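Q: I have a structure here, written as structure tokens, and I will follow up with some questions on it.
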Amino acid sequence: MSLDMFVSAFSEDGENDFPRSIVEQAFAPFVEDVKDTYWRLNLRSGEQTFIDMDVEAGEMIDGFSINRPPSYEGFPEFWEALYNVLRQTRAFCVLAGVREDPNCCAANPDVINEVPEPLQDVAAARGGARLVSSAAELEAALFD
């Protein structure tokens, strides 16, 4: 089974878009290969992890996706980078492929009560979107 994680600000009018540079800076230490919007990440030790990211093109973006996210235990730096992106933006994170009703998380307290319409049913099924305060809590909440 493939796990996919989606980070999105759900910005139809662009008001919640965020600078792509936030994502670039957060994940720069782990980027092994970039082809257009497709990034391949690896551990700093050079270990193969096969984490693939699809990051929108342009200076301002409203999200990106991650295929096969690692465990926090195996790659905590990845989760720190992801948490930092969420903390600095109005984006939510959803993990697909784990259960029918995935958790929806945010790290920016300014957005936790503003769950966008596409996520309202997902969040409601699990008791609302979760505000996380650390990278470890983010991973635990998504896989809970």
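Q: Can you find, within the stretch 57-85, the residue that is most open to solvent (accessible area, probe 1.4 Å) among those that are within 11 Å of residue 8 (Cβ to Cβ) and either out of contact with any Ser or Thr (no Cβ under 6 Å at 6 or more places or on another chain) or among the small types (Gly, Ala, Ser) (or both)? Walk me through how you get there before you give the answer.
A: Just the residues of the stretch 57-85 that are within 11 Å of residue 8 (Cβ to Cβ), to begin with: 61-65.
In the following step, the residues that additionally are either out of contact with any Ser or Thr (no Cβ under 6 Å at 6 or more places or on another chain) or among the small types (Gly, Ala, Ser) (or both) were identified as 61, 63-65.
Working: 61: 1, 63: 4, 64: 10, 65: 31 Å².
Among those residues, the one meeting the criterion is 65.
Q: Can you work out which of the residues in the stretch 11-50 that are modelled with pLDDT of 80 or more and assigned to a loop (DSSP other than H, G, I, E, B) is farthest from residue 68 (Cα to Cα)?
A: The extreme case among them is 15.
Q: Name the one entry in 108, 84 that is within 28 Å of residue 25 (Cα to Cα) and not in a loop (DSSP other than H, G, I, E, B). Quick ask: steps written out before the conclusion?
A: On the way: 108 fails: not in a loop (DSSP other than H, G, I, E, B).
Every option except 84 fails the conditions.
Q: So which residues in the stretch 123-143 are surrounded by fewer than 18 Cβ atoms within 10 Å (Cβ to Cβ), in a loop (DSSP other than H, G, I, E, B) and modelled with pLDDT of 80 or more?
A: Matches in the stretch 123-143: 133, 134.
Q: Would you mind telling me which numbered condition in (1) in contact (Cβ under 8 Å) with a residue 12 or more places away in the chain; (2) open to solvent by 30 Å² or more (accessible area, probe 1.4 Å) residue 120 fails?
A: Exception for residue 120: condition (1).
The values are calculated or read from the model by the stated rules, or taken from the named source; none is laboratory data. Note that the structure is predicted; figures quoted are calculated from it, not measured. Cβ sites come from the backbone with ideal geometry, for glycine too, and all protein chains shown count toward neighbours. Heads up: the accessible areas ignore ligands, DNA and RNA and are worked out on the full protein's heavy atoms, side chains in. Shrake-Rupley method; radii C 1.70, N 1.55, O 1.52, S 1.80 Å.
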